[in-house]
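Shown next, in structure tokens, is the structure this report addresses.
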Amino acid sequence: MSDAPGTPDLSRLRIRRDPPAAESSRGGRRLWPVLLVVLVVAAGAAFAFRPQATEVSVGTVSVSASGGAATGDGISANGYVVARTKASVSAKIAGRLVSLGVHEGSHVKDGEIMARIESSTYVAAANAAKADLARVQVELTQAKRDLDRARALAAQQVLSQADLDAAQSKADAAAAAVQTAHAQLDLANANLENTNVRAPFDGTVLRKDAEVGEIVAPSAAGGGLTRTAIVTMADLATLEVEVDVNEAYIAQIRNGQDARVTLDAYPDTSFRAQVRQIVPTADREKATVLVKVSILDRDPRILPEMGSRVVFLRESPAAASAPLRPQVLVPASAVARDGDATRVWIVRDNKVVRRDVTLGRARGDQMEVQQGLDGAETVVLNPAATLKDGQHVRVRPSAT
């Protein structure tokens, strides 16, 4: 029956299994490079974004000795130049500023007119007082004449004693009116004089505080948009330096002690100076004492408010060899406590180092470190409890 025409021969059909299996194997081999690339990329990403478990970010602050330091020549401290004689000059009366004859740097003498206040009202008051005085003086002259005439008539028994007493009373009242008019004229002249703003001492104008056309007033009456000071002036012959000296060093400074002053603007030049006053009180927050040092050398380069450095010269070999205990202050937030132990964390080469410290008194938000720091370290603020000695850290930029 298989030979019949049109009938297919099924015995020749075969299932070919090997070629498909070979093609599948070749396809698998082509996937391996792709899988390898994916694995490499995944491993790189995992490495790049792995958590940094051993590095933390910290805030720091630099530590230094406060209120002065010991040098080879003596104790040094930083401060500012100030004028011992300084004043903000204001008007004695309120009014509009109509004239200002000085500027910054002007040298003025005691009593010199520097500015003027609008004075038309005061001129009128003074003129009225003068006229009133003239009137009562005429009345007094007439009253005196009437009194003389009454006395003559009374001597002739022509005028009664009562009329004589009335003439005397009129003359006395006229004399009192003249005295009152003199006082009123003096007051009007004083008010007129107060429209002149005069220098209270010999000195130099440091700053103009008002301009022509502005309303000015005495300091006690100023307010709102009203100016009080017209100029600020100082006697530059009284320049001195005010410095805060650490209380640990103050016992080695006395009134009259020689010193040297160096200005920040002229670091290569120093000026002779002398201790004028040690203020008899301490600043408990800073643990310092204010010392005023007079500058003996007069130099036009020395100006008020300049930054300066004062070195207090030692007077004897014994004083020069006296030990100076540096005082180091750290923020209280940098101190970590563990029971009775206290420590800070120092940053060196991007690593933290534990440093046990002995604390002294609190100075506001600062703590005195008696042992453990020398004043040249960088310490961690608000250290985490998980910090470990030698751990890598990343210092955060300081907030500005």
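The values are calculated or read from the model by the stated rules, or taken from the named source; none is laboratory data. Predicted, not measured: the structure shown is a model, and the values here were computed from it. Cβ atoms come from the backbone with ideal geometry, glycine included; neighbour counts cover every protein chain shown.
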> Which members of region 181-200 meet the condition of being farther than 30 Å from residue 107 by Cβ, of a type in the set (A, V, I, L, M, F, W, C) and surrounded by 15 or more Cβ atoms within 10 Å (Cβ to Cβ)?
Replying inline: 181, 185, 188
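State whether one or more residues within region 76-88 are closer than 30 Å to residue 189 by Cβ, surrounded by 16 or more Cβ atoms within 10 Å (Cβ to Cβ), out of contact with any Gly (no Cβ under 7 Å at 6 or more places or on another chain) and of a type outside the set (A, V, I, L, M).
Taking region 76-88 as the starting set, the residues that turn out to be closer than 30 Å to residue 189 by Cβ are 85, 87-88.
So of that shortlist, the ones also surrounded by 16 or more Cβ atoms within 10 Å (Cβ to Cβ) come out as 87.
Keeping just the survivors that are out of contact with any Gly (no Cβ under 7 Å at 6 or more places or on another chain) gives 87.
Subset that is of a type outside the set (A, V, I, L, M): none.
Within region 76-88, none of the residues are closer than 30 Å to residue 189 by Cβ, surrounded by 16 or more Cβ atoms within 10 Å (Cβ to Cβ), out of contact with any Gly (no Cβ under 7 Å at 6 or more places or on another chain) and of a type outside the set (A, V, I, L, M).
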> residue 177 fails exactly one of the following numbered conditions: (1) surrounded by fewer than 17 Cβ atoms within 10 Å (Cβ to Cβ); (2) at pLDDT 95 or above. What is the number of that condition?
Replying inline: (1)
>> Looking at (1) in a loop (DSSP other than H, G, I, E, B); (2) under 24 Å from residue 118 (Cα atoms), which one does residue 159 not meet, given that it meets all the others?
In response: (2)
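In this structure, does residue 210 turn out to be farther than 25 Å from residue 279 by Cβ, of a type in the set (A, V, I, L, M), crowded, with 16+ Cβ neighbours inside 10 Å and not assigned by TED's automatic domain parsing to the domain that holds residue 288?
Numbers: farther than 25 Å from residue 279 by Cβ: yes; of a type in the set (A, V, I, L, M): yes; crowded, with 16+ Cβ neighbours inside 10 Å: yes; not assigned by TED's automatic domain parsing to the domain that holds residue 288: yes.
So residue 210 passes the test.
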> Can you tell me which residues in region 367-400 are at pLDDT below 80, within 16 Å of residue 61 (Cβ to Cβ) and not hydroxyl-bearing (Ser, Thr, Tyr)?
Replying inline: 368, 374, 375, 376, 397, 399
>> Among the residues of region 188-210, are any more than 30 Å from residue 271 (Cβ to Cβ), assigned to a helix (DSSP H, G or I) and of a type in the set (D, E, K, R)?
In response: yes
> How many of the residues in region 87-113 are assigned to a strand (DSSP E or B), of a type outside the set (Gly, Ala, Ser) and farther than 11 Å from residue 195 by Cα?
Replying inline: 4
> For region 90-133, how many residues meet the condition of being closer than 18 Å to residue 200 by Cβ and free of Cβ contacts under 8 Å to residues at least 40 places away in the same chain?
Replying inline: 1
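Just wondering, is there one or more residues in region 343-353 that are part of a loop (DSSP other than H, G, I, E, B) and modelled with pLDDT under 80? Steps first, answer last, please.
Of region 343-353, the ones part of a loop (DSSP other than H, G, I, E, B) are 349-350.
Next cut, modelled with pLDDT under 80 only: none.
No, because not a single residue in region 343-353 is part of a loop (DSSP other than H, G, I, E, B) and modelled with pLDDT under 80.
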